[in-house]
Each structure stands twice: as C-alpha cells, then as structure tokens.
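Colleague: Sharing a structure with you now.
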Amino acid sequence: MSIDDSRIRITQTPNPDAYMFHVTEALISSGTHEYYADSDTTQSPLAELILKNEGVELLLIASRFITVRKFREQSWDDLLEQISNSLSQFLDSGEMAVFEQENKEDMTELSPVEEQILVLLDEEIRPAIAQDGGDVVYHGFENGIVKLELIGACGTCPSSTATLKYGIQNLLMEEIPEVAGVEQV
C-alpha cells in the first residue's frame, strides 16, 4: 500500500492487529495517551478523528508516532488507507493531538526502589517497547512485585507475556535486587 503523504510512514508491529504510523512532526510533548473505540475523546482531536474509522479498536498517541490496533475480525485492506487519510487530514489542521492535562500522579511518595524502577522503565524499557508500537504503564511496587500494564500494540500482542517475563522482568531483577518479579495489571 502506498500513501501520498511523505509525512507519514507505516510499519508493521509484532502484533498482527496493530500498525505504527510514524510522522515527521511531534504530536505530543512527552509520554503516551491511549484511547479505545468507546473512549471519551474530547481531550484529543486526533483520537476523535482516527477512532471514527470503523474497525479501529485502539489508538496510542506518542510523540512521533501513533499505533492503531484494529478489531481482530477487521481486515487491514482498506483500513490502512483510511487511517492514513485521517492522519494526513489531522496534520494539515495544525491542531494539538491531545490537550495536555496535569500529571495526576504524585511522584513525591516514591521509595528509592520505585525511583530506580521508573528510571529503568524510562531509559531502557520504554524506548524498546516504543519500537514495536507500545508503551508500559507503571502501577506500583508491592512485596517485591512490579505491577505493569503493556499498552498500544503490546497490549494484545501474542508475545506480550514473553516481553513482560523474559525482557522486562529479567532486566529489572538483574538491576534491582529488591525486585522479585513482574505482574501484568
């Protein structure tokens, strides 16, 4: 499939139900935002536009890419072009992808171990997962267990369990002795 917009490059992810759409301009300043087909999209003109395409289950917005996951029964045949056209239309609009809201998490209450976990997540794990169209959300550290949620393409990827247990868990346990394991939330 070819698209007419040089600002957009489409790549497959390890998840057969998800594609990444790389763009040449920043969509958001940092982090990721995830929207489902039934999500409230009033804070994201981009999500509102992309999720109008029938068959789109999920949208993950990152700084320089979006990941679109389709419903399993949906075909990519026409959907890739529809999403590309919607994304192109959005880029032409000059709108912000997401109206940023203040960070609701209070990071001042983190233990030194949690701070180490977050540094590893930000510096080592997130960049690797982003290459496959996903992200990881930290949900806490209890009794040696790091609670994480894989989102975007990684949320339903067939290899997500291996990523979590053999990739993320091994790295965290190797670098931080207090970590005994990782659990998907």
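Colleague: Determine the relative contact order of the chain: mean sequence separation of Cα pairs under 8 Å and six or more apart, normalised by residue count, in whole percent.
Modeller: Reported relative contact order: 21 percent.
Colleague: With all protein chains present, how much of the accessible area of the range 61-167 (probe radius 1.4 Å) comes from carbon and sulfur, to the nearest whole percent? Each step should come with its number before you reach the end.
Modeller: Working: 2780 of 5890 Å².
Its accessible area is 47 percent carbon and sulfur atoms.
Colleague: Rounded, prolate or oblate: which fits the chain when a ≥ b ≥ c are the square roots of the eigenvalues of the alpha-carbon gyration tensor, with rounded for a/c under 1.5 and prolate only if a/b beats b/c?
Modeller: On the way: a/c = 2.26, a/b = 1.70, b/c = 1.33.
Because a/c hits 1.5 or more and a/b exceeds b/c, the chain counts as prolate.
Colleague: Around GLN184, with a cut-off of 12 angstrom between Cβ atoms, what is the net charge of the other residues, counting Lys and Arg +1 and Asp and Glu -1?
Modeller: That sum, taken over residues with Cβ under 12 Å, equals 0.
Colleague: Per the helix-only calculation at 222 nm, which mean residue ellipticity applies to the chain, given -39500 (n - 2.57) for every DSSP H run of n ≥ 4 and division by its residues, nearest 500 deg cm²/dmol? All intermediate terms of the calculation are to be shown ahead of the outcome.
Modeller: Values: 5 runs with 41 residues, N = 185.
So the calculated ellipticity at 222 nm is -6000 deg cm²/dmol.
Colleague: Can you give the FRET efficiency to the nearest 0.05 for VAL113 and SER30, using r as the Cβ-Cβ distance and R₀ = 25 Å? Working shown, then result.
Modeller: Details: r = 24 Å, r/R0 = 0.95.
So the FRET efficiency works out to roughly 0.60.
The values are calculated or read from the model by the stated rules, or taken from the named source; none is laboratory data. Everything numeric in this text was worked out from a predicted model, so none of it was measured. Here the Cβ is made from the backbone with ideal geometry for all residues, glycine too, and neighbour counts use every protein chain on show. The accessibility values were calculated without ligands, DNA or RNA, using every heavy atom of the protein model including side chains. Shrake-Rupley method; radii C 1.70, N 1.55, O 1.52, S 1.80 Å.
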